[in-house]
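Participant: Okay, here's the structure, questions in a sec.
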Amino acid sequence: MTKQTNKRSCSFCGRPEREVPLLITGLNGYICSDCVQAAQEIVNQQFGVGERGKARGLDFEMKDLPKPAEIKAYLDQYVIGQDDAKRQLCVSVYNHYKRLMQEVEDDGVEIEKSNIIMVGSTGTGKTLLARTIAKLLKVPFTIVDATVLTEAGYVGEDVESILSRLLQVADYDLEAAERGIVFIDEVDKIARKSDNPSITRDVSGEGVQQGLLKLLEGSMVNVPPKGGRKHPDQDYIHVNTRNILFICGGAFDGIEKKIAQRMNTHVVGYNSVQNVRHLDKGNLMRYVLPQDLKSFGLIPEIIGRLPVLTYLNPLDRTALRNILTEPKNSLVKQQIKLFAMDNVKLEFDEDALEYMVDKAVEYKLGARGLRSIMESVMKDLQFEVPSSKKRSIVITKDYARQQLEKSMLGEAVEG
């Protein structure tokens with residue numbers, strides 16, 4: 001009987017029964033527990049499914065995936081206004097992760113990913129929207145600046161460095177990184193210099209756009225783990241970008257002129273006067289189309305790989321006033337918490353807040369301008385109070401005006 005048992009071996013790896021933890025008997029052969037585990041890993045890798053039915057690299061199951069309305073409600077806690085952009089972003093992100101969790105079927109229907117491009121002036125919340133969504137979904141998220149990218153072979157960073165940063169954020173967990181989100185900021189700065197193909201090298205413009213094509217489309221990219229080209233002998237990490245969601249954002253300063261030109265050339269005669277009258281001239285960005293991005297300097301190939309186009313409204317006075325106090329991480333709440341850590345109670349008069357909002361509207365820098373004003377008003381107190389015995393401070397309009405006029409920002413405006 002013992003002699004018969006020793007003859008049994010795994011039909012896959014060939015090891016005898018005495019050398020494996022468990023040998024499973026089949027109809028015409030045997031398989032050991034080690035080969036079963038290896039086969040399971042191969043199946044998971046092929047179909048993108050990990051333990052307990054989760055998509056590889058994700059920390060939640062399909063039933064736990066937030067719905068678009070739930071994602072928007074979460075965004076509303078941190079970002080004021082921008083309902084159109086929020087709705088578009090929520091739907092796109094929800095569809096993207098449904099795509100990752102879809103069960104493999106033989107119906108021939110394959111859901112393609114939808115990369116996003118957001119157009120909006122500075123300080124309207126493009127970066128904050130992307131960062132907040134990544135925080136909710138708990139997926140690897142990184143922000144990269146397109147202005148430092150150049151063509152391969154020139155001083156600057158290769159487009160592959162984008163994925164290097166995503167890997168670093170994911171602690172080099174390849175499966176997690178391949179399900180992450182990349183926000184490419186200042187994408188308008190890589191527009192080519194004219195609408196005609198350049199006859200000279202445009203190493204930080206059109207050349208970078210062409211380099212980004214393979215990342216946005218979805219392909220296997222060789223990524224240097226340390227980034228850069230200074231270590232030519234290092235082993236590359238092979239990253240599949242097919243399931244990475246790319247969100248591009250840019251101010252596209254001056255694109256309003258392209259939009260206005262397009263809208264005036266499409267109608268002729270009396271109707272053109274009527275149509276122009278119905279346009280929102282204060283926010284032409286809401287009429288942006290892919291052809292406007294092409295006129296601005298993005299090549300058609302990259303526009304086609306960013307199928308979801310959304311815009312962000314410029315912040316009006318009401319939105320700026322709400323940004324000061326309403327979000328969970330509002331500027332006022334941040335300052336109150338900073339002073340509370342020194343056991344100091346900080347309060348703001350309503351007139352002081354209104355004054356800062358008026359100045360932010362004057363500077364036309366959006367939420368970033370509002371933050372600059374807040375820092376200018378508070379900088380002296382932040383320096384003096386930790387060493388003083390004050391336990392209560394009230395910011396008045398007169399104090400805010402005095403601090404702004406004293407700062408370089410105030411002097412430039414007054415001058």
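The values are calculated or read from the model by the stated rules, or taken from the named source; none is laboratory data. Given the structure is predicted, the values throughout are model-derived calculations rather than measurements. Backbone-built Cβ (ideal geometry, glycine too); neighbour counts: all protein chains shown. For accessibility, only protein heavy atoms count, side chains too; no ligands or nucleic acids. Shrake-Rupley method; radii C 1.70, N 1.55, O 1.52, S 1.80 Å.
Participant: With the contact rule set at Cα under 8 Å and sequence spacing of 6 or more, what percent relative contact order holds for region 272-407? Could the numbers behind the result be given before it?
Facilitator: Working: 105 pairs, mean separation 31.0, N = 136.
Taking the mean separation of contacting Cα pairs over the length of region 272-407, I get 23 percent.
Participant: Under 22 Å Cα-Cα from residue 294, which lysines qualify once same-chain neighbours fewer than 8 residues away are excluded?
Facilitator: Partners within reach: 113, 126, 189, 193, 214, 257, 258, 281.
Participant: Please sort by residue number the trypsin sites (Lys or Arg not before Pro) in region 321-388 whose DSSP state is loop and whose Cβ has at most 15 other Cβ atoms within 10 Å.
Facilitator: Passing sites in region 321-388 are 328, 364.
Participant: Ranked from the most accessible area to the least, with a 1.4 Å probe and all protein chains present, what is the order of 142, 318?
Facilitator: Values: 142 10, 318 90 Å².
Greatest to least solvent exposure: 318, 142.
Participant: Sorted by accessible area (1.4 Å probe), largest first, how do 387, 372 line up? Don't skip to the end; give the middle numbers.
Facilitator: Values: 387 110, 372 55 Å².
Ranking 387, 372 by accessible area, largest first, yields 387, 372.
Participant: Right, another one. Using the per-residue mean of other Cβ atoms lying within 10 Å as a proxy for protection, in what order, highest first, do the peptides 390-403, 291-304 fall?
Facilitator: Values: 390-403: 15.6, 291-304: 18.4.
Output ranking for 390-403, 291-304: 291-304, 390-403.
Participant: Right, next: Provide the solvent-accessible area of residue 338, counting protein heavy atoms only and rolling a 1.4 Å probe, rounded to the nearest 10 Å².
Facilitator: Residue 338 has an accessible surface of roughly 90 Å² with all protein chains in place.
Participant: How far is the Cα center of region 278-294 from the Cα center of region 81-146, in Å?
Facilitator: 22
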